[in-house]
Amino acid sequence: MGVLGTRKFYKPFKNGETEEQNQILKNKGYISIILHSAYYNSKGNFWQNIFGGNDTIALTSSVTYKSNQQSIEAKTIVDKRTVKANRNHNLGLTRLIALKVPSTADGLELKLEFTSVKDDNLENGLNLMNSKEFQKPLEMASIPIGQILSITSVVKKIFSSVENPAVLETTFAGVISKDKVDNPIQKERLTSGYIIAISNNDEDNNFLNQIDSSKLTIDGDGLKYENNTVKHTNIVYHITFENLKGIDEKSNWFKKFQISLDKLDDIFFVESEEDRTKILKDSRRLWIEASAILSEDNTYISEEKRQIKATYFKKINERYNEMQEASDDNFVNMLMEDKSDNFNFLPNLDSLNKDAIVIETEKIATNYLQELGNVNLTFPE
């Protein structure tokens, strides 16, 4: 059975929300994509209709991150199983497709296929790849990307060697633009919420044309129409968007920031001003190195990088001042001596005096800590 036709729908996550409110903007946060549910309607062939039988199906998902600099595709075997023919099957699937991808790309493309497996070699390959270790979501960190590209290459090779009919095949391309637009779904802008794809049954060719999207609802059991389960082959994606990622405690920059902060504890063990100054300069050097590493971390948007740098700067300066009891030889003075790109979290640094730097840093750090708390994230002590 070939592709019968697929229709796509958009639903907001919360009733009353509009697609304009949910449009995802460039450099404003992080995108996660979840395969919320998958439903397969099996239609038997002539012999299966008489004697019964089984279908072997595979569900394949891919998401592609596209920008002027690079295009990264994560393709995985979401599920492979054997099901009874001439029955409806709620596959009970929930899979993470993309995890906190920064909205720095020009767009994301989603593609999902239900495939009817008729080839033994394909089935053997699918059996190998249908495991958690090969079901990697798209992430932008260097190590996951290497794994993702390897898995994607293998999955493509498995499918390239044989022809198998697609029961449902759908692609959704979403542009990530800098500014909001009217009717973003119609203009193919990426928007948080639910993306739904429904395939026709061959005996019900008019079904897709008759769907009123306002009557579609989604719950833990999957897709419903007028409160009844949709018994056509369908999938539901859930796209979420978060303004903040929070602190990655496994990152190298986090470890170096912490060392920079902990370095100040050495002040307790020295007496001379010269030794205290050396400790402070060592702490500053570590902070600069950590800031440089963070600047190159493409898993974060630029605004959150700025906020993280400012927060660590504030914490280091406060700790040093507590130990030194208002010594003039503090972290802010040392900042003024080195106005490099590592201090770009402060606007117009050249025109800021010491007091203005402290005030501006306090403002950025305080707002960031408050925003983290609002979404139940914490800043490590």
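Any read-out appearing in this document is the output of simple, stated calculations on the displayed coordinates, not a laboratory observation. Everything quoted here is computed from the prediction, not taken from an experiment. When we count neighbours, we look across all protein chains shown, and the Cβ atoms used for this are built from the backbone with ideal geometry, even at glycine.
Structure above, values below:
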{"quantity": "Segment residue 259-residue 71, extension gain: residue separation times 0.36 nm, minus the distance between their alpha carbons", "calculated": "64.1 nm"}
{"quantity": "Loop-resident sites, region 245-319, for trypsin sites (Lys or Arg not before Pro), counting at most 14 other Cβ within 10 Å (DSSP)", "calculated": "250"}
{"quantity": "Estimated vicinal HN-Hα couplings, Hz - region 238-245 in sequence order (Karplus 6.51, -1.76, 1.60; Gly, Pro = x)", "calculated": "10, 9, 10, 9, 10, 6, 10, 9"}
{"quantity": "Taking 240, 366, 76 and counting other C-beta atoms within 10 Å, the order from fewest to most", "calculated": "366, 240, 76"}
{"quantity": "Distribution of pairwise C-alpha distances over region 171-299, 5 Å bins, in %", "calculated": "2, 8, 12, 11, 10, 9, 7, 6, 6, 6, 6, 5, 4, 3, 2, 1, 1, 0"}
{"quantity": "Those GluC sites (Glu not before Pro) in region 275-321 that DSSP places in a loop and that have at most 14 other beta carbons within 10 Å", "calculated": "296"}
{"quantity": "Computed P(r) (all Cα pairs; region 227-312; 5 Å bins; percent)", "calculated": "3, 12, 18, 15, 10, 9, 7, 6, 5, 4, 3, 3, 2, 2, 1, 0"}
